[in-house]
Amino acid sequence: MATSKAVSQGGLSVVFISLAYSILVHYSQMPWWVISLAAFVIVWRYLIFTGKFPQAHWIYKGCLVTAGLYGVFQEFGLSPSIESTTVLLMSGMILKPLETFSNRDAYILIFLSYMLLGMAFLFDQTPLMYGIVLVGLVLNIGAQIRLHQDSQVSPFSSFKVALSLLAKSLPLAIFLFIVMPRLAPLWTLKIPTQAGQVGLSDTMSPGRFSSLGKNNDVAFRATFEADAPAMGDRYWRGLILDFFDGEEWSQQHRPDNIRPASLRDPQYQYQIMLEPHEKQWLFALANSVSSSENVGVKSDGTLKNRVPLISKRIYEVKSSGGSFIDQRTLSYRERSSYLQLPKGENPRTRAFVDSLDISKQAPIADAVRSLQTFFFQQEYRYTLNPPLIEGQNTIDRFLFESRAGFCGHYAGAVTFMFRSLGIPARVVAGYHGGEFNQAGNYYTIYQRDAHAWVEVHLKDKGWMRIDPTGWINPDRVERGLEDAVKDEYTGIRKTNAWMLAMYQQLQVFDYFWNDWMLNYKGEQQRALLEEIWGSDWSSVLWIVLTMLALLAVPIAYLLWDQRPAKKSYHQKLWQQYCKILLGSSDSYSSDDLTGKSFAHISKSLMQLHPTHRKSIEYFNHWIEDKLYGSSMGNLDRRDYQLGMSRLKRIKQELRHERIR
């Protein structure tokens, strides 16, 4: 039985091209050392092919594997993520060319390249990525054609044939995409991503929000059915932060799930397309409900998804808006949570609050007026680059020393002061504003729009929104971040009209692509099928499914009928003997050994390794006696095991000879 044919130089070249492209598709998730390692290995393998370098010893391979594992550990640590597993897979694939000598090995590389191309959709599902993956498919199919036809076609011709095959298959793929029903996945990948860590987190330190203010990634998009609220009223609530440890705010109180009453006359109806952030919270205006599946409402008025978001999520929302959240009474546990303060922290702030003239009849109104006056009279500054404040008494140092900060600084300080007055207060983290895309008629909310504000509780009324950022810089609330910090703004400016228009057009294409791809199921799919084939489209679907089922039967039979026959014991021994000879010299190929006897292989091995002539002759006499002696070729399992042990001994002797 013949082993796989040795790969040609042309076949090896096209395989390396497809492999390199599949790896470069992941350039945004790939550390620099992966590219360096890939280039090094490909050059090394080429030098081996030309005979300038010997085959890689197992010690060198082990060192490269160790270096790859160490690089992944240094880059990502022990925390598993999709990025770390992808880079680990790539670092393993990069080393595979050092063991690629036959067409079979080359096919394995191509199939791994297919898997890498598919994994690209874990990180990016934009139209551009679909185009990039299609190019990769052409390269991989072309490499398969080149390997199959060997030197009969040029690399250019093989890629041309691959492009033709892909173009012919696209209409069928589109047809199946339209008519096949959307089924829920049998399993889901719940490994976190590094990309999912961009955006809001369940803790708030002031510097976190100022860094987001320089991030131009999309957080979500909102499409309103009718009028949208003005800029000053577009507060997108996400999560509530109630616990302060002296340095950062976090969420300790876990609100209950509730079944809210349906809004009788919602002021706003809109759709949100949210980017994955690997948390459960969703964003919406105040006083919102959602009819979308797996979306719940918490007792603090926020929306929550049933599972963490690992892919884009579209959900429908109805909101009454406003600056009040209806929760007229607080439980003892809730009140304790919203009055919590670290003991002994920030004595100057506490002393200042105690000096305020607050009446018992209207404590909140008096407190708001007094705090506004305080901030108006001082020279406070709104900035994306505030001075770093660490250690104890961070509120004191911010209020009375630095006097410069982002929204997180002001929201945290004002919440602290309200609680010092005995008024329940909490920090709300979310987004504010958003950029209107005229071409697509929707609002884009970027990470730079991340915002934090305060909600204080009025007895028998509910939670009232207070945004101290508006006291310091009204432009941030009324006009947006660009007008608030002109010198520090990093997005596309309104003055660059042509660039902004072009960018928005690209965003529109991406938005409607994702909207159609994510929504094409259930009712939307049925509506499109009815539009194409009428109301009786289900019969067409059954015809398609029946045709596919009938087509699957002969294909399955052909695959079963062409399965490789079971090898006899002497065929297995012959195949192992061929592998020993092929591993000893590059002068032989699998085609050269086709039909050769054990005696011929033994003679070739003894010529290459005369010092091991005794072991080779011993095995040759033994196998010939078994095949042509009294046994007449009827090797049993015991003979096979004995033969394999003798071949293993020969292989070890030859390996030790190469090491010496």
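The values are calculated or read from the model by the stated rules, or taken from the named source; none is laboratory data. Predicted, not measured: the structure shown is a model, and the values here were computed from it. Reconstructed Cβ throughout: ideal geometry from the backbone, glycine too, with neighbour counts over all protein chains shown. Please note that ligands, DNA and RNA were not included when accessible areas were found on the heavy atoms of the full protein model with its side chains. Shrake-Rupley method; radii C 1.70, N 1.55, O 1.52, S 1.80 Å.
Being more than 23 Å from Gly136 (Cβ to Cβ), surrounded by fewer than 17 Cβ atoms within 10 Å (Cβ to Cβ) and in contact with a Leu (Cβ under 9 Å, 6 or more places away or on another chain) narrows it down to one residue among Tyr46, Tyr60; which is it?
Answer to the check: Tyr60.
So how many residues does region 78-136 have that are under 21 Å from Ala56 (Cβ atoms) and open to solvent by 50 Å² or more (accessible area, probe 1.4 Å)?
6
Being at pLDDT 90 or above and of a type in the set (A, V, I, L, M): is that true of Ala261 here?
no
Can you report the number of residues in region 108-126 which are within 16 Å of the chain's Cα centre (by Cα) and assigned to a helix (DSSP H, G or I)?
Summing the residues that are within 16 Å of the chain's Cα centre (by Cα) and assigned to a helix (DSSP H, G or I) in region 108-126 gives 8.
Contact list please: Cβ distance under 7 Å, first residue in region 388-411 and hydroxyl-bearing (Ser, Thr, Tyr), second residue open to solvent by less than 10 Å² (accessible area, probe 1.4 Å) and at pLDDT 85 or above, pairs at least six apart or on different chains.
Thr394/Gly246; Tyr410/Pro468; Tyr410/Thr469
Which of the residues that make up region 311-328 are within 34 Å of the chain's Cα centre (by Cα) and of a type in the set (A, V, I, L, M)?
Correct list: Ile314, Val317.
Could you list, in sequence order, the residues of region 316-357 that are assigned to a helix (DSSP H, G or I), in contact with a Pro (Cβ under 9 Å, 6 or more places away or on another chain) and basic (Lys, Arg)?
Selection gives Arg335 alone.
Can you tell me which of (1) over 28 Å from His409 (Cβ atoms); (2) open to solvent by less than 10 Å² (accessible area, probe 1.4 Å) is the one Gly238 doesn't meet?
Looking at each condition in turn, Gly238 falls short on (1).
Which residues, counting only those in region 373-406, are of a type outside the set (A, V, I, L, M, F, W, C), in a helix (DSSP H, G or I) and surrounded by 15 or more Cβ atoms within 10 Å (Cβ to Cβ)?
Those that are of a type outside the set (A, V, I, L, M, F, W, C), in a helix (DSSP H, G or I) and surrounded by 15 or more Cβ atoms within 10 Å (Cβ to Cβ): Thr394, Asp396, Arg397, Ser402.
Since Ile17 meets every condition but one in (1) assigned to a loop (DSSP other than H, G, I, E, B); (2) modelled with pLDDT of 80 or more, which condition does it not meet?
(1)
I'd like to know if region 333-345 contains one or more residues that are more than 27 Å from Trp463 (Cβ to Cβ), at pLDDT 90 or above and either open to solvent by 40 Å² or more (accessible area, probe 1.4 Å) or more than 46 Å from the chain's Cα centre (by Cα) (or both).
Checking region 333-345: not a single residue is more than 27 Å from Trp463 (Cβ to Cβ), at pLDDT 90 or above and either open to solvent by 40 Å² or more (accessible area, probe 1.4 Å) or more than 46 Å from the chain's Cα centre (by Cα) (or both).
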